[in-house]
Amino acid sequence: MRNQLLIAVLLGLVSAVVFASATTGPMLMRYVLFLLTSLPIFLAGLGWGWRFAGVAGFASVGIVAAIGGLQVAGIYGLTQILPAVVLTYLALLSRPYQPDGAETAITEYYPVGRLVLWAAVMAGTITLLVLLIIGQDFEELRTGLKQYLSEAIKTNMPPTASGTPLDDQQLETMTNIMVAVMPAASAVSWLTALVFNLWLAGRITLAAGQLQRPWPDISAMEFPPGTALMLLAAMLGAGAKGIAGAVGTSFLGAFFLAYVFAGLAVIHYVTRAKPWRPFGLWVLYIGLLVVAVWIAVLIALVGLAERPLRLRERAFPSGPPPPPAPVST
């Protein structure tokens, strides 16, 4: 127990160091470090239990508070630590389950689809929190974003082709675009970070023989009934004006990416045992990187179509082949 606590504290220290490092250096490096800030907390939770994720998180928040102050530590704790602790807690939830006709009960773990859905809700909420920090109303939000954009351009972007800095009109145009796009883009970034870190921590702890649950069949994930209504509500909210529209756009970005994940899971599932599967998946992911928006829309539509059309059942009417087992050492 003492060694596990020490490991949790050390992982919390690593998370705090990564978070501090994400505030300096080139923009790309800062983004990568920020993306990986919560990974040590996920490692502690999936490797030794969610309580150790809480210990790691408490230690890291204390370190950040000592270095950056209580306000920074509070934001760090709410946006990085709390989601990681909650997701590891949910990922390790289990209950005995006895299927019809079975003689013995099996252990049923929290479904992957619900984990992704919770992560989407958290991503939208974190984005909302960030928006409220920037500005309490829409005009204050625009002013805060304009100031942030102006400083970012001066720091990270060269002058225009003519060698002159952007004028007020150009800055105003970019601000309007940023106000419209930032909530969804921010939610997408948060959800990507949460899901990626949860998956990567699972792979690392599995390879180390430390994962506290069996590896799930990710490609079989599905969302609970009614999830599509949440996406629809977010779309309607995004059409509103002012801060309400920004809130709707935030959750629209999160739920849209969640359905992209669902669509990818369906594609991975229905292509099992196909000889062209590796090539097809490579082409899909390259296309997703090159023409991200349109490919992502099509993939999300696949995710939406799974429940009404039962694409997985149609692909394997006599029963699917077993999923590929993850390699562990």
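The values are calculated or read from the model by the stated rules, or taken from the named source; none is laboratory data. As the structure is a computational prediction, the values presented were derived from the model and not from experiment. In this analysis, Cβ positions are derived from the backbone assuming ideal geometry, glycine residues included, and neighbour counts consider all displayed protein chains.
From the list V247, V270, which one is β-branched (V, I, T), under 25 Å from T175 (Cβ atoms) and in the same structural domain as F223 (by TED's automatic domain parsing)?
V247
For the range 252-272, how many residues meet the condition of being of a type in the set (V, I, T), over 18 Å from A185 (Cα atoms) and touching a residue at least 12 places away in the same chain (Cβ under 8 Å)?
3
State all residues of the range 235-258 that are surrounded by fewer than 19 Cβ atoms within 10 Å (Cβ to Cβ) and not aliphatic (A, V, I, L, M); if no residue qualifies, say none.
Across the range 235-258, the qualifying residues are G237, G239, K241, G242, G245.
Just give me the residues in the range 56-74 being under 22 Å from the mean Cα position of the chain (by Cα) and under 24 Å from A91 (Cα atoms), in sequence order.
Once the filter is applied, which keeps residues that are under 22 Å from the mean Cα position of the chain (by Cα) and under 24 Å from A91 (Cα atoms), the range 56-74 yields A56, G57, F58, S60, V61.
Go through the range 213-265 and count every residue that is within 30 Å of G47 (Cα to Cα), of a type in the set (A, V, I, L, M) and in a loop (DSSP other than H, G, I, E, B).
1
Taking the condition of being more than 19 Å from L129 (Cα to Cα), of a type outside the set (A, V, I, L, M, F, W, C) and crowded, with 20+ Cβ neighbours inside 10 Å, how many residues in the range 50-82 meet it?
The total comes to 3.
Would you be able to tell me the number of residues in the range 13-33 that are small (G, A, S), on the phi < 0 side of the Ramachandran plot and at pLDDT below 85?
1
Can you name the number of the only condition in (1) at pLDDT below 90; (2) surrounded by 14 or more Cβ atoms within 10 Å (Cβ to Cβ); (3) of a type in the set (S, T, Y) that T125 fails?
(1)
Testing Q210 on (1) among the polar types (S, T, N, Q); (2) assigned to a helix (DSSP H, G or I); (3) surrounded by fewer than 19 Cβ atoms within 10 Å (Cβ to Cβ), one condition comes back false. Which one is that?
(2)
Report, ordered by the first and then the second residue, all pairs with beta carbons closer than 9 Å, sequence separation of six or more or different chains, a first member in the range 225-251 that is over 19 Å from S186 (Cβ atoms), and a second member that is surrounded by fewer than 15 Cβ atoms within 10 Å (Cβ to Cβ) and among the β-branched types (V, I, T).
Between residues of the range 225-251 that are over 19 Å from S186 (Cβ atoms) and residues that are surrounded by fewer than 15 Cβ atoms within 10 Å (Cβ to Cβ) and among the β-branched types (V, I, T), there is no close pair.
Considering every residue within the range 259-272, establish whether at least one is surrounded by fewer than 17 Cβ atoms within 10 Å (Cβ to Cβ) and of a type outside the set (S, T, N, Q).
Yes, there is a match, as at least one residue in the range 259-272 is surrounded by fewer than 17 Cβ atoms within 10 Å (Cβ to Cβ) and of a type outside the set (S, T, N, Q).
Let me confirm something: among V85, V32, which residue is surrounded by fewer than 21 Cβ atoms within 10 Å (Cβ to Cβ) and assigned to a helix (DSSP H, G or I)?
Criteria check complete, one pass: V32.
With the structure loaded, tell me whether Y285 is of a type in the set (S, T, Y) and under 19 Å from R114 (Cβ atoms) or whether it fails that test.
no
Somewhere in the range 7-17, is a residue part of a helix (DSSP H, G or I) and surrounded by fewer than 17 Cβ atoms within 10 Å (Cβ to Cβ)?
Among the residues of the range 7-17, at least one is part of a helix (DSSP H, G or I) and surrounded by fewer than 17 Cβ atoms within 10 Å (Cβ to Cβ), which makes the answer yes.
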